[in-house]
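> Sharing a structure here in structure tokens format.
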Amino acid sequence: AKVDKEPRAPTPWMLFCQKNRAAWKQANPDAKGNEWMKALAEQWKDSPENPNRGKEPKSKKKSQTTLDVMAKDAASSSPPASSPRDEFASSDF
């Protein structure tokens, strides 16, 4: 049976977007796709509504699964083919 959960409270970022998106879109009617998202993200960095304003962004860590796949790909790939430049550098002139 599905349990009814209470919806999560909107985050400060979500509230900022709700408040500013319509105005940005009205000011930029020719914008395409998610350009509004990029513009609002830039505004958000210095917004007084941003609880992390002035802090360095957190670094994005790669998951262990991603790291495992990258290691496997690196181990299974063949070394790059030598170029004519490499052969010239090693020849005896």
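> Through the Karplus equation 6.51 cos²θ - 1.76 cosθ + 1.60, θ set to phi - 60°, convert the phi angles of the stretch 27-43 into ³J(HN,Hα) values in whole Hz; use x for Gly and Pro.
Once rounded to whole Hz, the list reads 6, 10, x, 8, 5, 10, x, 9, 4, 4, 5, 5, 5, 5, 5, 5, 5.
> Now for a different question. Of LYS19/LYS45; LYS19/LYS60; LYS25/LYS58, which sit over 20 Å apart, Cα to Cα?
Working: LYS19/LYS45 15 Å; LYS19/LYS60 28 Å; LYS25/LYS58 29 Å.
Going by Cα-Cα distance, LYS19/LYS60; LYS25/LYS58 fall outside the 20 Å limit.
> At 7 Å along Cα-to-Cβ for each site, give me the label-to-label distance between LYS32 and LYS61 in nm.
3.8
No value in this document is a laboratory result; all are computed from the given coordinates. Here the structure is a predicted model, which means the values were calculated and not measured. Positions of Cβ are backbone-derived with ideal geometry, glycine not excepted, and every protein chain shown enters the neighbour counts.
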